[in-house]
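> So that we are looking at the same thing, I have put the structure below in structure tokens.
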Amino acid sequence: MPDYRRAFQPGGTFFLTVVTDRRARILTTEPARKILRPAIEHTRQTLPFDMRAMVLLPDHMHLLWTLPPGDTDFSKRIGTIKKAFTEAWLARGGREQSVSASRTRDRRRGVWQRRFWEHTIRDERDYIQHCHYIHYNPVKHGVATCPHAWPHSSFHRFVTEGIYDASWQCACGATRPTPPKFEEIASTAIE
């Protein structure tokens, strides 16, 4: 069995990717969004973290969190969100992927992939690169033509706060911007 090692940086900032089981395209549906928001907020109340940036796509979400000083347990937070979402999703008639006998024995449902991907943010440059990755992700996956056109993203808050110009990577006009490059990000692991 593989030895999954998680990052250990008390009070650190982490980029996280959480994916639905078999990439089911449920997360941007209205029922799922209405369940996910309270699941995240409830988790933030019981296990605090600062949500720096996020994007919600049909089959996955990217999160950029900073934990409180001395705290390292982003895994528990992800687990709490996934559990709360799954319980509410299934209670409201949401579908799950088929579940094997071994998954049933382990009390695993067919809503989320078992694992998630994390990266410890190293410095300001790494932080900025991951914010760009998050906000450009809807364009990368072809669900929006421009970051501003995707409603399920912290991009709009970043614009309001003056961090981004509303036209960042905008392709609405006659010219198409050169897409950002993310060579420093292990793209095969974070889709």
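Every read-out reported here was derived from the displayed coordinates using simple, explicitly stated rules and does not represent laboratory data. Keep in mind the model is a prediction, meaning the values are calculated, not measured. Note: ideal-geometry Cβ built from the backbone for every residue, glycine included; neighbour counts use all protein chains shown.
> Please arrange Ile134, Ile26 by counting, for each residue, the other beta carbons lying within 10 Å of its beta carbon, fewest first.
Ordered from fewest to most neighbouring Cβ atoms within 10 Å, Ile134, Ile26 come out as Ile26, Ile134.
> Over the range 13-190, what is the relative contact order in whole percent, taking alpha-carbon pairs under 8 Å and six or more residues apart?
Over the range 13-190, the number comes to 25 percent.
> Between Arg33 and Arg157, 0.36 nm times their residue separation minus their Cα-Cα distance comes to what?
This chain segment gains 42.9 nm when fully extended.
> Separate question: For Met54, Met61, what's the fewest-to-most ordering of other Cβ within 10 Å of each Cβ?
Least crowded to most crowded, the residues run Met54, Met61.
> Using the Kirkwood radius built from alpha carbon pairs, what does the Stokes-Einstein equation give as D for the range 13-190 at 4 °C and 1.567 mPa s, in µm² per second?
So the translational diffusion coefficient is about 75 µm²/s.
> Taking 0.36 nm per intervening residue step and subtracting the Cα-Cα distance, what contour gain separates Thr175 from Arg92 on full extension?
Separation in residues times 0.36 nm, less the Cα-Cα distance, equals 25.4 nm.
> Could you put Trp112, Trp89 in order, starting from the residue whose Cβ has the fewest other Cβ atoms within 10 Å?
Ascending number of Cβ neighbours within 10 Å: Trp89, Trp112.
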